[in-house]
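Here is the structure we will look at.
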Amino acid sequence: MTDVRPLSHGQEAQWFLHRLVPGATAYLTGVAVRIRDAVDVASFGRAVDLLAVRHEMLRSTFTTDGGRPVRLVRAASRLRLEHHALGAVGEEELRSRVAGALAAPYRLDENGAFRIVLWTRPDGDAVLLVGGHHLATDAASDAVLLRDLLRLYASCVTGTDARLPVLRGGFDEEVAKERALLASPRGAELGRYWQRICHGSAAAELPTDLPRPAMPSLSGATCRVAVPAATAARLREVARAAGVTPFALLLGAFQGLLYRSTRQRDFLVGCPVTTRMSSNSLHLVGNFINTIVLRAEIAPSTSFHDLAVAVAEQVRTGVDAIRYPFSLVARDLGRRAPAAGRARAYAISFNMLSTAHLEPRLRPVFETGRPDTTTDYAGLALRPYPLPQQEGQLDLGVDVVQGADTLTFDFRYDGALFERETVERLAQHYVRAVEIATTEPATQVARAPLWAAAPVVPATPAAPQTTDI
């Protein structure tokens, strides 16, 4: 038996992009972990089967019905554990295989939007990948799937109860809430709110190294820098003293950098946010991500403190509008400016990622600023296995990855527009902007010495984690 379910507007947008460029990797995501123990492959296989029984999104495929994309929920899952016994291959070969599996295209209509792969080597060494297409998952879902899979594996090995959280509701409730909102007067009001935010402004756009192609490449690379420990430690204190969140302080500093780099005084930046607003959605798998746009209006006298306060105020006033689908905002912009040819609300995104909500024993797996940290979970010794991903979605996407005592910046860029050296310089300038914003927040952005050298430490690109603003 197969149930036909409607998609959310965000899922429909993902479906459109998938059909436009089926082999693109920009919207493929996942989490990988290194296992420093011998594993029972058969138990992992049974755990994957049980995981698909628990989460209906893993039993779903996607197709069209009457011209509109739909989700088909199947009684039996087509998801199976892929196991590869590699022998004594080197680290470079192992990483190449894992990255290749993360980026492999999905046949959404045949096999669904997920894959789980296990590579084993001699002497108790393995890598586990939980991968998915953004149509059906998000970073929080990756964490849910990894947690549940590891607990189910331990249950299969020991014959004990996995003790998983009870699932209440499903992703269909999210779709129903969205449809009800859009059909209500409140939905129309929220649509007008976003129109007012965007009216008279434009997407922040950096000067490119290469001519912009007619179609987005949906491919790119990642540049990561680690912030000095002193700056990371100072961030929370300065934000608290200013009455704002670390997110507001960091985005304000980034807006200041964009102002200096683009000469735009009024611009928009996109910020991915979670729509998991109820306890029922915390343990569900699905795409619970929407985007809001935040507007920067900068004068010669504007300080970093002013920008942080302005961001905090926009977040407070815009939080009620988070559920309004951004794809509809983008559609309305295109209709209002058809002559522009490339009208868009944002070309650059900014996201702050945190692991604070995760179980303490699982948290180190996602704190990829410390890749050599080992944690024990479900009877296995685990380490982070960071993988660059979701590159080329936009001109530039900045992820701030905040660990317990680390702070790193991932600059994911469109390789058809920018040379790596350009992005590396921009990342270093951002570190400098954050240093100024956390030591001298009253500094006017227009006068800040952003081009001075800043001490940064190159680091391995990391997998994304849960949105937290």
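Summary of values
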{"read-out": "Rg/Rh for region 242-356, where both radii come from Cα atoms and Rh is the Kirkwood radius", "value": "1.00"}
{"read-out": "Solvent-accessible heavy-atom area per residue, rounded to whole Å², over the chain at 1.4 Å", "value": "42 Å²"}
{"read-out": "Label-point separation, ALA188 to ARG78 (7 Å along Cα→Cβ), nm", "value": "4.2 nm"}
{"read-out": "Region 346-436 pair-distance distribution - Cα-Cα, 10 Å bins, rounded %", "value": "15, 41, 30, 13, 2"}
{"read-out": "Amide H contacts of GLY112 (H built 1.01 Å from N, under 5 Å, at least 5 apart or other chain)", "value": "PHE62"}
{"read-out": "17 Å cut-off, amide nitrogen to a point 7 angstrom out along ARG447 Cα→Cβ, residues in region 241-280", "value": "260"}
{"read-out": "Within the accessible area of the chain (1.4 Å probe), percent carbon and sulfur", "value": "52 percent"}
{"read-out": "³J(HN,Hα), Karplus 6.51/-1.76/1.60, whole Hz, each residue of region 106-119, x for Gly, Pro", "value": "9, 9, 4, 7, 9, 10, x, 10, 9, 8, 10, 10, 10, 10"}
{"read-out": "Potential lengthening between ARG95 and ARG19 on full extension [0.36 nm per residue; Cα-Cα distance subtracted]", "value": "24.5 nm"}
{"read-out": "For the chain, the spread of Cα positions along each principal axis, largest first, Å", "value": "66, 52, 42"}
{"read-out": "Length gained when the stretch ALA299-ARG163 is fully extended (0.36 nm per residue, less Cα-Cα span)", "value": "43.4 nm"}
{"read-out": "Equivalent ellipsoid dimensions for region 198-248 as semi-axes, Å, which come from the Cα gyration tensor, largest first", "value": "34, 20, 9"}
{"read-out": "Cα-projected label distance for ARG240 with ARG179, points at 7 Å along beta-carbon direction, nm", "value": "4.7 nm"}
{"read-out": "10 Å Cβ shell holding at most 15 others, DSSP loop, GluC sites (Glu not before Pro): longest site-free stretch of the chain", "value": "111-418"}
{"read-out": "Distribution of pairwise C-alpha distances over region 123-181, 10 Å bins, in %", "value": "17, 37, 31, 11, 3, 0"}
{"read-out": "Relative contact order (%) - criterion: Cα under 8 Å, at least six apart; region: region 350-405", "value": "45 percent"}
{"read-out": "HN-Hα J in Hz across region 426-432 - Karplus 6.51, -1.76, 1.60, θ = phi - 60°, x for Gly and Pro", "value": "4, 4, 5, 5, 5, 4, 5"}
{"read-out": "Where labels lie 7 Å past Cα in the beta-carbon direction, separation of ARG260 and ARG331 in nm", "value": "4.1 nm"}
{"read-out": "Mean Cβ count within 10 Å, highest first, over the residues of peptides 253-265, 282-294", "value": "282-294, 253-265"}
{"read-out": "Residues in region 123-155 that a label on VAL53 would reach, taking backbone N under 19 Å of a point 7 Å out along Cα→Cβ", "value": "145-155"}
{"read-out": "Stretch gain in nm, segment SER278-THR2, where the contour uses 0.36 nm per residue and the Cα spacing is subtracted", "value": "96.6 nm"}
{"read-out": "222 nm mean residue ellipticity, helices alone, for the chain (DSSP H n ≥ 4; -39,500 (n - 2.57); rounded to 500)", "value": "-11500 deg cm²/dmol"}
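The values are calculated or read from the model by the stated rules, or taken from the named source; none is laboratory data. Source: prediction; values computed, not measured. Reconstructed Cβ throughout: ideal geometry from the backbone, glycine too, with neighbour counts over all protein chains shown. Protein only, heavy atoms only, side chains kept; ligands, DNA and RNA dropped before computing areas. Shrake-Rupley method; radii C 1.70, N 1.55, O 1.52, S 1.80 Å.
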